[in-house]
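K.L.:
Quick one: this structure, given as structure tokens, is what I'll be asking you about.
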Amino acid sequence: MKLSKTLPLILALGTIPVFAQAKDNKDQKHQGEPRVIEVVATDFEFKPSKIEVAPGEKVQIKLVNQGEKPHNIEFELPSGEIELEEALAPKETGTLTFEAPKKAGKYVLYCPVGMHKDHGMIGHLVVAQGEKE
Ligand SMILES: [Cu+2]
């Protein structure tokens, strides 16, 4: 009775390190942690304004507001538009995690606050086939 209860537990615990190791060996590009890309927002510019990623790559945009106005970043992707839930106040940092489109192309990014887009806060997410593989 006692053995039949503890044995499955021992077996389950024994398998955990194996799974963890298998995960680490996989291609980091499509599995696990996203690649962090830092983008600085100023009044009124994104640096860099061109972000290059691989198709389907999991990325985390770390937006740092070094301006004196609130800023946000919005990506126009085939799956829809995504942005930070709230605009960042000056000195604030926010992160936006998503998977890049699988289709190569140039996708618009901009700051959706006020008229910032018209003031120059516009750029591109460039999905380039092959280069990063
Ligand atoms: Cu802005």
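Where a number appears in this text, it was derived from the coordinates with a stated rule and is not lab data. These numbers come from a predicted model, not from an experiment. As a convention, Cβ positions derive from the backbone with ideal geometry for all residues, glycine included, and neighbour counts pool all protein chains shown.
K.L.:
Mind sorting THR42, THR93 by how few other Cβ atoms lie within 10 Å of their own Cβ, fewest first? Kindly include the intermediate steps, with their values, before the conclusion.
P.N.:
On the way: THR42 16, THR93 12.
In order of increasing Cβ crowding within 10 Å: THR93, THR42.
K.L.:
Expressed in nm to one decimal, what extension gain is obtained for the pair GLN60 and LYS102 from 0.36 nm per residue of sequence separation less their Cα-Cα distance?
P.N.:
Details: separation 42, 0.36 × 42 = 15.12 nm, distance 1.62 nm.
Extra length from GLN60 to LYS102 when fully extended: 13.5 nm.
K.L.:
So if each residue of separation counts as 0.36 nm, and I subtract the Cα-Cα distance between THR42 and GLU76, what length gain in nm does that give? Can you show the working numbers first?
P.N.:
Working: separation 34, 0.36 × 34 = 12.24 nm, distance 2.05 nm.
Difference between extended and current length: 10.2 nm.
K.L.:
Specify which residue in the list PRO48, ILE122, ASN72 is farthest towards the positive end of the charge dipole of the range 35-127, using unit charges on the beta carbon of Lys, Arg (+1) and Asp, Glu (-1), about the Cα centre.
P.N.:
PRO48
K.L.:
Something else now. Running Debye on the range 84-133 with equal point scatterers at the Cα sites and no solvent, what base-10 log of I(q)/I(0) appears at q = 0.17 Å⁻¹?
P.N.:
-0.70
K.L.:
Let me ask something additional. What does the convex hull of the Cα atoms come to per residue for the range 35-127, in Å³? Write down the numbers at each step before the final one.
P.N.:
On the way: hull volume 7.2 nm³, N = 93.
In the range 35-127, the Cα hull volume divided by residue count equals 77 Å³.
K.L.:
Set the Förster distance to 30 Å, then compute FRET efficiency between ILE122 and GLU33 from the Cβ-Cβ distance, nearest 0.05.
P.N.:
Working: r = 29 Å, r/R0 = 0.96.
In this case the efficiency is close to 0.55.
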